[in-house]
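One structure is given below, encoded as structure tokens.
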Amino acid sequence: MENYNPQEIEPKWQKYWEDNDFYQAKDLTESGSAKKFFALVEFPYPSGEGLHVGHCRSYSALDSIVRKRRMEGWNVLFPIGWDAFGLPAENFAIKTGIHPSVSTQKNINNFKRQLKNLGLSFDWKREVNTSDPKYYKWTQWIFLQLFKNGLAYQTKIPVNWCPKCLIGLANEEVIGGKCERCGTQASKKEIKQWMFQITKYADRLIKDLDDVDYLEKIKIQQKDWIGRSEGTEAIFKIDGSDQELKIFTTRIDTIFGVTALVLAPEHNLVSILEKNISNSAEVKKYIEKVREKTEFERVNLEKERTGIKLEGIWAANPVSNQKIEVWLGDYVIGSYGGGAVMMVPAHDRRDYDFAKKYNLPFKEVVKGGDISKEAFVDYGVLVNSENFSGESSEEAIKKIQIWLEEKGLGGVSIQYKLRDWIFSRQHYWGEPIPIIHCEKCGVVPVPEDQLPVELPFVEKYQPTGTGESPLAAITEWVNVKCPKCGGPAKRETDTMPNWAGSNWYYMRYCDPQNDQALGSPEKLKYWLPVDWYNGGMEHTTLHLLYSRFIYKFLFDIGAAPSPEPYQKRTSHGMILSYDGQKMSKSKGNVINPDDIVKEYGADTLRVYELFMGPFDQAIAWNIQGVKGVRRFLDKLYNLVLECSPNKESSDQAQRLIHRLNQRITQNIESMRFNTAISGFMEFVNFAADNKKETGKDSLNRMLLLLSPFAPHLAEELWQKIGNQGSIFQQKWPVFDPALAQAQKINLIIQVNGRMRDKIESDPEISEEEAKAAALASPKIQNWLNGQQPKQMIFVKGRLVNIVV
RNA sequence: GCGGGCGUGGCGGAAUUGGCAUACGCGCAGGAUUUAGGAUCCUGUGGGUCUCCCUUGUGGGUUCAACUCCCACCGCCCGCACCA
């Protein structure tokens, strides 16, 4: 007999499906009465390392879902494309001189070949590429809309800077405070950057989570990332100056316990009051030292908080008028809550440590703890708080807020951890920001009819040494006429981060060739929002949140048809290497999907990745598991060819196949692929032992159920055992619930909660019968040993528990 | 450090969401077949002082009943804003 030979059958069916255009989504009028289903996977960054087995996991999973949905009659859109801009291609170009567009195209070709070899049912006619000018024309258009609506602005921001390479560094390129390339201590450099006001959307980004179906952990992580915090703003006046300090606190009830103010070292008050600071030389030194550290190190990794007193500066407590010191502290960050905190050593742990270290006074204002031992951070009753003494913390917060508001010294305030989004990159391989700087007119947007602003083709990508993008060196590109006044002007030389293209790529799939708009309103309205988006947990707070923001903005200006882009979001776990570590070229532990396809077949790879463990959990690669899956597919192949083709299935075979039908139908939708595959294994084990009982009806049904997971094998066997047409033109099988239900159960009999006997019975057995049967069991009699049951618990269809 | 998640045999995991702990697969052992190896097939496989007892990271709690719920601790993984 011939054996299962994936190397032969897989290319054959891939060609057949492609030639017959099985996977093209139908637009609007062509779609008839079918309901639309837009399934989305994160498009890959086409790296030089090729497709990762992690991509296969996510793609195989959604592929199985969409194949089932197509068989159920849905009009499915399952597209793919390339997130083609990015730092690695540029770094590769600096090293080798090969243009990023060349290496990127080469990588795309490789990825495309790899994806096609997996037999994924993508609609290749809708492929998008973020580095294609026809695509990024619309990325730039979105930027212009944000600019015109006041959501894009420029400001100076410190970036990581290598003083030797004279280049800005991504956080990832700073390893232990040093430049990844040359090992020099990295510093900071202030550079003017484009920013997006995502903070304006903070509340909506939280609230609208109520209307979408995301995994709960994804919602929680997004909410925590946005970090909405209701508190109080209080204004402290600076002595002998017209300056004032705004601080944010969630514990305004402790304001009578303030013994100092602490500012972030980058706070602008330091330079404003420089003349009044008697130790300003030391203060400057301190600021320089703090600058060398990343914010992450400052706030989190340093065991010791550091700080310095601003000598000669005094602030007035707005409620008590008490004079207090002003300090700088590295644990205060400039971007949150105004970059200033009131220090209450008695009732905040960080303040407690700081005050202990620098011998600052403690003042207890909430009763209940022992502040000689540790900070008391709970709510309680106020003491030493003038008129507010005796109030509870909750009441005091409300009353002090009202009091501050009346006096014009602050009031209720809401702060977010979420910060505005730095959108500039000083790199070559990204979308040019479509802005022109005119000496006379200032910042002028490129007129929309002049989009796209194409990336000029250059020979050199070396950094300019000034912190500017390599584009700044191309004078013939940079120097332009101002679109407003016609005078001399310069192009913006910053490019966009790679989020820019991935912010909206899924919208482009709806109408990928459109040159008049990012998509026709009709097509966008038909397909959006995405019905199901699967991706990695690592994208929860950046890509997922960013793209929701951009989509909401587009909705506000009428360019998107719904308030949310993704109706449902699920997430797959990472695939680690056989050593339990992340795969990386440098560790030499990368699994190449090509090798697996070549040796075992694409269906084996797909089924293995779905079987290997729970879909949402990280898991290590195991080649023995791959072999086991191949063994199973071999067994299934032989079984189908050996079973009695013309016999009717026995009752038992029928019940089992209907139960499998139910299980697979449910497991695909709930992404419990691992138990789905084990269900097939159980059925195949049964059928292999009972070949005479297993007829063609059961086998056909099994093949239909299998087709979303192992499409090539299912198609091959479907046609081989004499069925007409492609298996993917068939209807998804419907199970008979009566057949799928077990007709006999093991009724568990427990004594004191421990299983002591099983009685085979009808699932509908009544309480009386079950209890009688339990007491009648000789085993149970033996266990009871003459004792009278105190209580008997009956759980229908499950058990009887006798308590003695 | 902060936020999120996870922890079950030698290994990956299952357990109808509070009701038989260890389905299915891997590995291992024995047997069949084979000149041999591989492959394939059959049987067995949580531990122990084995009619019984113990076992779901550790310790406690709730319950007739806990892998599942609650509290504390330990360990691992993801993210932390210029990687994608």
Q.
Suppose we filter A:Pro470, A:Pro445 for residues that are touching a residue at least 40 places away in the same chain (Cβ under 8 Å) and out of contact with any strand residue (DSSP E or B) (no Cβ under 8 Å at 6 or more places or on another chain); which single one remains?
A. A:Pro470
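Any idea which residue in the range A:641-662 is surrounded by the fewest Cβ atoms within 10 Å (Cβ to Cβ), counting only those that are closer than 19 Å to A:Leu717 by Cα and among the hydroxyl-bearing types (Ser, Thr, Tyr)?
Per the criteria, the residue is A:Ser644.
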Q. If you check A:Arg630 against the conditions, is it near RNA strand B (Cβ under 10 Å from one of its atoms), part of a helix (DSSP H, G or I), free of Cβ contacts under 8 Å to residues at least 60 places away in the same chain and crowded, with 16+ Cβ neighbours inside 10 Å?
A. yes
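Sort out which residues of the range A:346-363 are part of a loop (DSSP other than H, G, I, E, B) and buried (at least 21 other Cβ atoms within 10 Å of the Cβ), and write them in order of number.
Within the range A:346-363, just A:Asp348 meets the criteria.
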Q) Are any residues in the range A:81-99 within 16 Å of RNA strand B (Cβ to nearest atom), surrounded by fewer than 22 Cβ atoms within 10 Å (Cβ to Cβ) and hydrophobic (A, V, I, L, M, F, W, C), and if so, which ones? A) A:Leu87, A:Phe92, A:Ile94
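Condition check ((1) within 15 Å of RNA strand B (Cβ to nearest atom); (2) crowded, with 17+ Cβ neighbours inside 10 Å; (3) hydroxyl-bearing (Ser, Thr, Tyr); (4) without any contact (Cβ under 8 Å) to a residue 40 or more places away in the chain) across all residues:
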site	(1), (2), (3), (4)
A:Lys112	no, yes, no, yes
A:Asp123	no, yes, no, no
A:Lys134	no, no, no, no
A:Leu144	no, yes, no, no
A:Lys148	no, no, no, no
A:Val174	yes, yes, no, no
Q) outside any loop (DSSP other than H, G, I, E, B), among the aliphatic types (A, V, I, L, M) and surrounded by 17 or more Cβ atoms within 10 Å (Cβ to Cβ), is that true of A:Ile765? A) no
Q.
Whether any residue in the range A:374-396 is within 16 Å of RNA strand B (Cβ to nearest atom), surrounded by 17 or more Cβ atoms within 10 Å (Cβ to Cβ) and closer than 23 Å to A:Met195 by Cα is what I want to check.
A. no
Q. Farther than 30 Å from A:Gln24 by Cβ, among the hydrophobic types (A, V, I, L, M, F, W, C) and touching a Phe, Trp or Tyr at 6+ places or on another chain (Cβ under 8 Å) - does that describe any residue in the range A:483-493?
A. no
Q. Can you name the residue in the range A:159-172 that is touching a residue at least 60 places away in the same chain (Cβ under 8 Å) and farther than 22 Å from A:Glu266 by Cβ and is also surrounded by the fewest Cβ atoms within 10 Å (Cβ to Cβ) among such residues?
A. A:Leu166
Q. Which of the residues spanning the range A:49-96 are touching a His at 6+ places or on another chain (Cβ under 8 Å), farther than 29 Å from A:Lys35 by Cβ and hydrophobic (A, V, I, L, M, F, W, C)?
A. A:Leu87, A:Ala93
Q | Every pair of residues 6+ apart whose Cβ atoms lie under 9 Å, when the first sits in the range A:572-586 and is farther than 24 Å from A:Ala61 by Cβ while the second is near RNA strand B (Cβ under 8 Å from one of its atoms) | A | A:Asp579/A:Ala620
Q: May I ask you to list pairs of residues, at least six apart or on different chains, whose Cβ atoms are under 6 Å apart, with the first in the range A:673-685 being within 14 Å of A:Lys68 (Cβ to Cβ) and the second being of a type outside the set (D, E, K, R)?
A: A:Phe673/A:Leu610; A:Phe673/A:Phe615; A:Ala676/A:Ile664; A:Ala676/A:Asn667
Q. Which pairs have Cβ atoms under 7 Å, sit 6 or more apart or on different chains, and link a residue in the range A:590-605 that is in contact (Cβ under 8 Å) with a residue 60 or more places away in the chain to one that is surrounded by fewer than 23 Cβ atoms within 10 Å (Cβ to Cβ) and of a type in the set (Phe, Trp, Tyr)?
A. A:Ile591/A:Trp621
Q: Identify, by number, the condition in (1) of a type in the set (Ser, Thr, Tyr); (2) touching a Ser or Thr at 6+ places or on another chain (Cβ under 7 Å); (3) outside any loop (DSSP other than H, G, I, E, B) that A:Tyr23 doesn't meet.
A: (3)
Q) Of (1) aliphatic (A, V, I, L, M); (2) modelled with pLDDT of 95 or more; (3) touching a His at 6+ places or on another chain (Cβ under 9 Å), A:Ile436 satisfies all except one. Which? A) (3)
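Residue by residue, here is whether (1) among the hydrophobic types (A, V, I, L, M, F, W, C); (2) away from RNA strand B (no atom under 16 Å from the Cβ) holds:
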| site | (1), (2) |
| --- | --- |
| A:Leu404 | yes, yes |
| A:Lys417 | no, no |
| A:Gln426 | no, no |
| A:Pro432 | no, no |
| A:Pro445 | no, yes |
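The values are calculated or read from the model by the stated rules, or taken from the named source; none is laboratory data. Predicted model only: the values in this text are computed from it and were never measured. Glycine gets a Cβ as well: all are built from the backbone with ideal geometry, and neighbour counts include every protein chain shown.
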